[in-house]
């Protein structure tokens, strides 16, 4: 009895420490300056980082809140995997909030207040154990990010985001409500193996609704059109939270609902293949689009689209492998979930780097950057770590999760012959995506930090604000540590995956070879040290002179442009891009319109406008017209009743 009382008191204290300060911060952001809200939110983030140690200390991390609703209770249930996601997501959230409080963009106090609301809703959604709490928290996440996306502009990007994500939200409501009715329980921990009770057809329909519903927030084709405009038109820190912590929420809830609640059977292979093909197409499109963007935030938007597509591809392969090998299933699920966490760390780092560059230069296009590495070497160094992680360069954290993906795709001899045909295509797709995005990231770093300055802001950048570099250093160190010391994290996550999905084999059973990231990192560091030492020993005479400029004077225009750099990719995939050349004074530029916008959303928008105009005419009629409408309605209703 004493242990139960102490455990309950510890859980209550922990949850109060996590959720009460942001609640107070929401009020403080409205009544005073945002500094108090930032401090309260930061404190809760630190408490959230302790979720995994608290889970280890508490035998059962579950609690029902004393307040409820007419639809049901609000309860949380934290397992090992959830605690890891909450801890790492809280770290990322903390670094973004710290950087936001030191940003030079002058965010209003309401941004700090809404950050508190977003933290509470994200954590509650990941920890939720009841249908009502999941759906309410997910809706709050969408609404708060919509409000935080206000940057003083027209706001069209926010409304596109709200409409598309609410289409996905309706699909999630349908899926969760149906599972609630079938199970007869509002608690998610009672839904284990619910797919057997729903039947094969209903289970497939629910899984498709879940993947598409959460996919609208993750950028799955063709629901991705809000991402580039939302990322470029919103405050950078809003985009950072949306692409990292909010994506972690979607991935975790999707995984737990599909693999723990619905469960997997041999009937899931066909929908798994369909979802896998959709994810592969999304990843390839995101990679290609990132190559032609000029704004760094739009480049990172399509990068997020590509990375999240790789995660959903892994979850889809989990459905395919469920009928063939538990080891492969555990490996591919671990790869997807680990990549989601790694993505949240290195993408938040790059989003904050972009915000810092925009702050010190006053520019927003990579065509206006250049040479920043000379004036700001510390910012350039942390950016290089982020780029290496994005490009999956060993031994960074991005390399580890993508290496696990390739391992899961190569060890598929246990699959049926028709399924084995799909695997080489996926390997080729991952390889092409890796090649294109690595080129895109090299372009982003090179045109931002290297070369000659292309604008006055880049040639004489302002000093970085005091304290704004600290979160960048922490995130860069996290990228390195999560790569070098990935094995303990993989082992703990694997235990959580097997427990949640009901798998009896770990990921090591399907590995075709072993790889210790720490040993690999030491080997790479040793090789670099030897090369540096050799270059110091062997010295050659040096002659320093001005670069030959073809008889003229070199300036910032006499270097490779970002548009010229991407032209080889554009020429290869020209039919997909649909590019158009434009002349702007004495310069030629290339513009792009997404085919999904041109052929799907633009016609749909025109149709809605036409229907709206016709409905408007009905509203401006006369009394005779309204009486005629009533008469026709009554006649139709009477005939319908008569016939029935």
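Every read-out reported here was derived from the displayed coordinates using simple, explicitly stated rules and does not represent laboratory data. Just so it is clear, the model here is predicted, and its values are computed rather than measured. Neighbour counts are summed over all protein chains in view; Cβ atoms, including those assigned to glycine, are modelled from backbone coordinates with ideal geometry.
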If 636, 269, 258 are placed from fewest to most neighbouring beta carbons inside 10 Å, the sequence is 636, 269, 258
Given a Förster distance of 41 Å, the FRET efficiency implied by the Cβ-Cβ spacing of residue 35 and residue 208, rounded to the nearest 0.05, works out to 0.35
Two pseudo-spin positions, 7 Å from Cα along C-beta at residue 525 and at residue 70, lie apart in nanometres by 6.1 nm
Expected unfolding gain across residue 13-residue 545 under the 0.36 nm per residue rule, minus the alpha-carbon gap, is 184.8 nm
Taking only Cα atoms of the stretch 460-550, the Rg to Rh ratio with Kirkwood Rh works out at 1.22
So the compactness index of the stretch 326-520, its C-alpha Rg divided by 2.2 N^0.38 Å, takes the value 1.20
At R0 = 22 Å the Cβ-Cβ FRET efficiency linking residue 534 and residue 442, nearest 0.05, sits at 0.30
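What order do you get for 569, 277, 630 when you list them from fewest to most C-beta neighbours inside 10 Å?
630, 277, 569
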In deg cm²/dmol, rounded to the nearest 500, the helical mean residue ellipticity at 222 nm of the chain, built from -39500 (n - 2.57) for every DSSP H run of length 4 or more, is -23000 deg cm²/dmol
In whole percents, the bins of 5 Å from zero upward hold the Cα-Cα pairs of the stretch 421-462 as 6, 20, 15, 14, 11, 9, 8, 7, 5, 4, 2, 0
FRET efficiency (residue 166, residue 27; Cβ distance; R0 30 Å; to 0.05) is 0.65
Simple SL model, points at 7 angstrom along Cα→Cβ for residue 265 and residue 571; separation in nm is 5.5 nm
By the C-alpha gyration tensor axes a ≥ b ≥ c (rounded if a/c is under 1.5, else prolate when a/b exceeds b/c, else oblate), the shape of the stretch 595-643 is oblate
The alpha-carbon center of the stretch 628-644 and that of the stretch 498-528 are separated, in whole Å, by 70 Å
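What area, in nm² and to one decimal, does the C-alpha convex hull of the stretch 227-266 cast on average over all directions?
Values: hull surface 14.4 nm².
Across all orientations, the stretch 227-266 yields a mean hull projection of 3.6 nm².
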Rounded to the nearest Å, the spacing of the alpha-carbon centers of the stretch 321-343 and the stretch 222-252 is 24 Å
Label model pair residue 637, residue 110: point-to-point distance (7 angstrom along the Cα→beta-carbon line) in nm is 4.3 nm
Residue separation between residue 607 and residue 182 times 0.36 nm, minus their alpha-carbon distance, gives in nm 149.2 nm
Relative contact order as a percentage, the stretch 204-353, C-alpha pairs under 8 Å and 6+ apart, gives 32 percent
Honestly the stretch 166-218 on the Cα gyration tensor test (a ≥ b ≥ c root eigenvalues; a/c under 1.5 rounded, otherwise a/b vs b/c for prolate or oblate) is just prolate
